[in-house]
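J.: Before anything else, here's the structure in question.
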Amino acid sequence: MTAPESEPAIKPSPTPSMHDEEALALLRDGTVEVAGRLVEATNMTLYCSVKLGSRSAACVYKPVRGERPLWDFPDGTLAAREVAAFEVSQATGWRIVPPTVYRDGPFGPGMCQLWIDTEREIDLMRLVKSRNPVVRRMAVFDAVVNNADRKGGHLLPLPTGHVYGVDHGVCFSAEDKLRTVLWQWRGKPLAREAVAVLAKLERDLESGSLGRRLRELLTQAEVEATWQRVRRLLDTGVHPYPSEGWPAIPWPPI
């Protein structure tokens, strides 16, 4: 195993306008009203408001009935994969994925995710190509969840320096499908922090609450493959290289 790299200090993830648990309760139990549709999205993606008592927020709602069939993912599973990505994100402690739940909505069951307002002045291409340690965390996360579509536009930078990631519907395949714009660390030793987080993930997937939760959202083979990817990262000690049998970069990259 290659010795892990040291990383510069990373700012703590910012405290949002409401804590994650409050956001999750609002998303789970609030009344969702559709305000519009994000027409550039491949699948039906609705911009909504969600209200519960005195609390309200903007959110994204993706109903299962609006998912386009894919040749390499089972029909009607993308919303659950988005929620599974949030569960892994929470287990890492990195808060990469905004609060996300699976619930019924105006167009039936689907995923509902807190809307994130981004820093509009940040150059996304520069961020994608950077050595930003917060983005590096996302590269490790994507390797764990086997993200088949990490475009630059799926990065949501905040003024605080934190970076969220969204659109995780094509993750967790049992086959290697990592396709991302974040290859600048390929073959580089994992940061010490990442090694510690991966060791925790391995335990939590094998016998902890994360494994139990993912088995509610994914197939047993997909959960096992997730554990295997974590184990492989720990065994090699380096960021993965692109697969020879799968396109390395999504199109369009942004």
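J.: Tell me yes or no: at least one residue of region 33-54 is over 19 Å from the mean Cα position of the chain (by Cα), assigned to a strand (DSSP E or B) and among the β-branched types (Val, Ile, Thr).
T.: Yes.
J.: Among the residues of region 146-161, write down those that are within 14 Å of the chain's Cα centre (by Cα) and assigned to a loop (DSSP other than H, G, I, E, B).
T.: Asn146, Asn147, Ala148, Asp149, Lys151
J.: Could I ask something else about it? Mind checking which pairs have a first residue in region 34-45 that is closer than 15 Å to Asp167 by Cβ and a second that is open to solvent by 70 Å² or more (accessible area, probe 1.4 Å), Cβ under 8 Å, 6 or more apart or different chains?
T.: Sorted first by the residue in region 34-45, then by its partner, the pairs are Leu38/Tyr47; Thr42/Arg68; Asn43/Arg68; Met44/Arg37; Met44/Arg65; Met44/Phe107; Thr45/Arg37.
J.: Do we find a residue being small (Gly, Ala, Ser), surrounded by fewer than 17 Cβ atoms within 10 Å (Cβ to Cβ) and touching a residue at least 60 places away in the same chain (Cβ under 8 Å) anywhere in region 89-104?
T.: Taking every residue of region 89-104 in turn, at least one turns out to be small (Gly, Ala, Ser), surrounded by fewer than 17 Cβ atoms within 10 Å (Cβ to Cβ) and touching a residue at least 60 places away in the same chain (Cβ under 8 Å).
J.: Restricting to region 206-219, name every residue that is within 23 Å of Phe73 (Cβ to Cβ), open to solvent by 10 Å² or more (accessible area, probe 1.4 Å) and either among the hydrophobic types (A, V, I, L, M, F, W, C) or free of Cβ contacts under 8 Å to residues at least 24 places away in the same chain (or both).
T.: Arg212, Arg215, Glu216, Leu217, Leu218
J.: Here are some conditions: (1) in contact with a Phe, Trp or Tyr (Cβ under 9 Å, 6 or more places away or on another chain); (2) touching a residue at least 60 places away in the same chain (Cβ under 8 Å). Val195 meets all but one. Which one does it not meet?
T.: Looking at each condition in turn, Val195 falls short on (1).
J.: Collect the residues in region 220-244 that are open to solvent by 70 Å² or more (accessible area, probe 1.4 Å), in a loop (DSSP other than H, G, I, E, B) and either at pLDDT 95 or above or farther than 24 Å from Lys129 by Cβ (or both), keeping them in residue-number order.
T.: Selection gives Tyr241 alone.
J.: Pairs, please: C-beta under 6 Å, at least 6 apart or cross-chain, first residue within 15 Å of Gly108 (Cβ to Cβ) and in region 62-82, second surrounded by fewer than 21 Cβ atoms within 10 Å (Cβ to Cβ) and acidic (Asp, Glu)?
T.: Sorted first by the residue in region 62-82, then by its partner, the pairs are Leu78/Glu67.
J.: Which count do you get for residues in region 129-145 that are within 17 Å of Thr160 (Cα to Cα) and either part of a helix (DSSP H, G or I) or in contact with a Pro (Cβ under 8 Å, 6 or more places away or on another chain) (or both)?
T.: 6
J.: Residue check, Met125 against (1) under 20 Å from Cys59 (Cβ atoms); (2) open to solvent by 50 Å² or more (accessible area, probe 1.4 Å); (3) in contact (Cβ under 8 Å) with a residue 24 or more places away in the chain, all met but one. Which one?
T.: It is condition (1) that Met125 fails.
J.: Quick one: how many residues across region 132-154 are under 21 Å from Leu234 (Cα atoms) and among the charged types (D, E, K, R)?
T.: Result for region 132-154: 3.
J.: So, in region 30-67, how many residues would count as being closer than 30 Å to Asp176 by Cα, open to solvent by 70 Å² or more (accessible area, probe 1.4 Å), at pLDDT below 95 and out of contact with any Lys or Arg (no Cβ under 8 Å at 6 or more places or on another chain)?
T.: 2
J.: Working only within region 110-122, note down all residues that are in contact with a strand residue (DSSP E or B) (Cβ under 7 Å, 6 or more places away or on another chain) and either without any contact (Cβ under 8 Å) to a residue 24 or more places away in the chain or open to solvent by less than 70 Å² (accessible area, probe 1.4 Å) (or both).
T.: Passing the criteria: Gly110, Met111, Cys112, Gln113, Leu114, Ile116, Thr118, Glu119, Ile122.
The values are calculated or read from the model by the stated rules, or taken from the named source; none is laboratory data. Here the structure is a predicted model, which means the values were calculated and not measured. Glycine also receives a Cβ, built like all others from the backbone with ideal geometry; neighbour counts cover every protein chain displayed. Side chains included, ligands, DNA and RNA excluded: accessible areas come from the protein's heavy atoms. Shrake-Rupley method; radii C 1.70, N 1.55, O 1.52, S 1.80 Å.
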